[in-house]
1. Using alpha carbons only, how many degrees (0 to 90, rounded to 10) separate the axis of helix 63-75 from the longest principal axis of the chain?
2. Provide the net charge surrounding ASP82, with neighbours chosen by a C-beta distance below 15 Å and charges set as Lys +1, Arg +1, Asp -1, Glu -1.
3. Please tell me the relative contact order of the chain in percent, rounded to the nearest whole number, where contacts are Cα pairs under 8 Å and at least six residues apart.
4. Given that just one value was derived from the coordinates, which of (1) 14.1, 48; (2) 15.3, 43; (3) 15.5, 52 is Rg and Dmax of the Cα atoms in Å?
Amino acid sequence: MLRLVDASALNRFAILAITQAEFRSAIRRRERAGDLDGSVAAEVLERFDLHLGTMYVRQGMSDAVIDLSCAMIDRYPLRAYDALQLAGCLVIKESAPSPPVFVCADHQLLQAAETEGLVWLDPTALT
């Protein structure tokens, strides 16, 4: 993932607006479980919030995203948030100047993305 976010790579990142809540939930869960110190959790959340304004393009939650996520759930065995993430990328694809790359490590979700015609990347497969 570090290669993807390196400034010299000139990659632009798009995230679904709901990712902010998902990320915060994951960090706070790890903090409550004792996996992260409170100060580390606060630093990670602060950096993420900083990057939201500078590094990421945020795809809003629209009726189009929700409707498409319902279609993804009907078509594939996806969890609701996963279907929303996939739908958000598909909506971005409609207006992006170049095809987006769907990045995730969930193989079931990657298979759905591929079937929907998205180029994908599993960061856990990078060496």
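1. Here the helix axis deviates by roughly 80 degrees.
2. -4
3. Relative contact order for the chain comes out at 20 percent.
4. (2)
Any read-out appearing in this document is the output of simple, stated calculations on the displayed coordinates, not a laboratory observation. If you're wondering where the values come from, they're calculated on a predicted model, not measured in any experiment. Cβ atoms come from the backbone with ideal geometry, glycine included; neighbour counts cover every protein chain shown.
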